[in-house]
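One structure is given below, encoded as C-alpha cells.
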Amino acid sequence: MSELTKSTNVQSSLNKKTFVQRFKKNYIGWLFIALSVVGIGLFYFYPMVQAFLLSLKSGMGANLEFVGLENYARLFNDPTFISALTNTIIYLLVQVPIMIVLALFFSVLLNDATLKFKGFFRTAIFLPCVTSLVAYAVIFKYLFGVDGLVNKLLLNLHLISEPLNWLSDPVLAKITIIAAITWRWTGYNMIFYLSALQNVDKQMYEAARIDGASAIQQFFYITVPMLKPIILFTSIISTIGTLQLFDEVMNITAGGPGNATLSISMYIYNLSFEYTPDFGYAATVSYVIVILVVILSMIQFRVAGDKR
C-alpha cells in the first residue's frame, strides 16, 4: 500500500471520528434541551396559535362561529376596551419609570460598604414581592379606605381637611393602584441591580473620586452605563407585568369606579366569566397585550441602543 493511500485512509478515519464526536456532542446537547423545547412549544406557542384561531371566532362552546377579523374591528368601537387600554397605558407610563428609579436608588444605597444593617434593609424592601397578591391587595384596600390609615395620617399632618375617597375617585383610585404595584415590585427589580453592582469594579469609582467626580456624576457616568443591560431587562419584564395587571385591580377597586381603573387583563376576565361569555372576543383582546409587548419591547431595545 502506497504512502498516499495510507495517508488518505488516516485522513478519512480522522474525519469520520471528528464527525462522530460532533454528532454525539450535538446529540447530547439537543437531548438536554429537548424537554424544555417540547414544554415551551406545548405550553407557550401552541396556546398562542390556538388563541389566535379562537380570536377569529365569536361565542362560546358549541356556539362558536367563524367571524374572521370582525372581532379586531370591534375593538375600535368598544368604549370599555378603550378605557381598559387607556388605564393600562397610564399605569405603564407612570408606574414603571417610578419603580425603576426607586429600584436603582435603593440598590445604590444598599450597595454602600459603610451602611450598617444592609441585610435587614435588603430583606425589608424585597419582602413585599414574596407576599400573597390577594393579601397585600386587601391590605391596601383597607389602608386607602375612607377610614383607613392613609387618611388618618394625612389628617394628623394637616395635609387634608377631610378624608379622601381614594377608591371612589377616578384619579385617586389610579394612584392607589400605582402605589400598590410600586410597593410590591420595586424590591424585585432592586435585587437585579444590586446583583449587577456587585460585579462592578470598585477601582472605577475610586478613580472617578480621585478625578473629582461627585456621587451624582459617578451614578450617571459609571453606574447607569454599567447597569444598562439590566435596566433594559427589568424595563421589559416590568412592562410585560404591567400590561398583564390583574390582581391589584380586581382586589382593590374591582375596576371601578365606572371602569376608571379597569385593566386589559381584567376586561378579558370579565368577557370570559362576568359578562355573557364571548371567548372569541376575549382572545382578541388578549392579542392586544401580545402586540403591545412586541411593540414596546422593540422600542425599548431601540432606545437602549441594542440592535440585536
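The values are calculated or read from the model by the stated rules, or taken from the named source; none is laboratory data. Given the structure is predicted, the values throughout are model-derived calculations rather than measurements. Ideal geometry is used to build each Cβ from the backbone, glycine not excepted, and the neighbour counts take in all protein chains shown. In case anyone asks, the SASA skips ligands and DNA or RNA and just uses the protein heavy atoms, side chains included. Shrake-Rupley method; radii C 1.70, N 1.55, O 1.52, S 1.80 Å.
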Open item on the list: Residue under question is Ile237, and the condition is that it be open to solvent by 60 Å² or more (accessible area, probe 1.4 Å) and at pLDDT 90 or above; does it hold?
Closed with: no
Task: The listed residue being in the same structural domain as Ile291 (by TED's automatic domain parsing), surrounded by fewer than 19 Cβ atoms within 10 Å (Cβ to Cβ) and in a helix (DSSP H, G or I), out of Arg209, Arg184 - done: Arg209
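Considering every residue within the stretch 258-269, establish whether at least one is without any contact (Cβ under 8 Å) to a residue 24 or more places away in the chain, part of a helix (DSSP H, G or I), out of contact with any Ser or Thr (no Cβ under 9 Å at 6 or more places or on another chain) and within 30 Å of Ile191 (Cα to Cα). Can you show your working first?
Looking only at the stretch 258-269, we keep the residues that are without any contact (Cβ under 8 Å) to a residue 24 or more places away in the chain, and these are 268-269.
Next, only the ones that are part of a helix (DSSP H, G or I) stay: 268-269.
Add one more test, that the residue is out of contact with any Ser or Thr (no Cβ under 9 Å at 6 or more places or on another chain), and what stays is 269.
Still in the list and also within 30 Å of Ile191 (Cα to Cα): none.
Within the stretch 258-269 (the criterion being without any contact (Cβ under 8 Å) to a residue 24 or more places away in the chain, part of a helix (DSSP H, G or I), out of contact with any Ser or Thr (no Cβ under 9 Å at 6 or more places or on another chain) and within 30 Å of Ile191 (Cα to Cα)), the answer is no, since none of the residues qualifies.
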Task: Residue selected from the stretch 50-60 under the condition open to solvent by less than 40 Å² (accessible area, probe 1.4 Å) and at pLDDT 85 or above, by the criterion farthest from Ile295 (Cα to Cα) - done: Leu56
TODO: Test each condition in (1) surrounded by 17 or more Cβ atoms within 10 Å (Cβ to Cβ); (2) within 30 Å of Val67 (Cα to Cα) for Glu274 and report the one that comes out false.
DONE: (1)
- [ ] Go through Val134, Val150, Val146, Val138 for me and flag whichever is assigned to a loop (DSSP other than H, G, I, E, B), open to solvent by 20 Å² or more (accessible area, probe 1.4 Å) and under 17 Å from Thr253 (Cα atoms).
- [x] Val146
